[in-house]
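Asks: Sending over a structure as C-alpha cells; questions will come in a sec.
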Amino acid sequence: MGVFAILVIIVFNFALELTERQIVETATPGALWVTIIFAGMLGLNRSLSVELDKGCLDGLLLTPVIAAPSFSARRWQCAVHAHR
C-alpha cells in the first residue's frame, strides 16, 4: 500500500500542475486524504476477499448474538494485522 500512496501523490502532482506554493497549501492535504482513503479501501478489499472465500462472513451472520460487536471486533482485528 505504500507504493500505492507514492503513485497517487505523483499522479496528483502531474494532474494539478500547480506552483510549489500552491501544492504545499492546497493540493498536499487533499492528496494525502485521498491516498489514505484509497489505501484503506485496498486493504479492506483484500481482507474481505479472503473472508468471502473461506465463508467467514456467513459464519458471523449465523451466530445468535448481536452482529454489531462481532463486526466491530473483526474490523479492529483486520486493522491490527494490517500493521504487522
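Asks: For the chain, what is the mean residue ellipticity at 222 nm derived from helices alone (per DSSP H run of n ≥ 4: -39500 (n - 2.57); sum divided by total residues; nearest 500 deg cm²/dmol)?
Replies: Mean residue ellipticity, 222 nm, calculated: -25500 deg cm²/dmol.
Asks: Run the paramagnetic zone check for Phe4: 7 angstrom along Cα to Cβ, then residues of the range 44-58 with backbone nitrogen under 19 Å.
Replies: Correct set: 44-53.
Asks: Can you tell me the length gained on complete extension of the stretch Arg46 to Arg21, counting 0.36 nm per residue apart and subtracting the Cα distance?
Replies: 5.3 nm
Asks: Which peptide among 57-63, 44-50 comes first, and what is the full order, when sorted by highest mean count of other Cβ atoms within 10 Å?
Replies: Final packing ranking: 44-50, 57-63.
Taken together, the values in this text are just the output of simple stated rules run on the coordinates, not laboratory data. Nothing here was measured: the structure is a model prediction, and the numbers come from that model. Quick reminder, even Gly has a Cβ in these numbers, built from the backbone with ideal geometry, and neighbours come from all protein chains shown.
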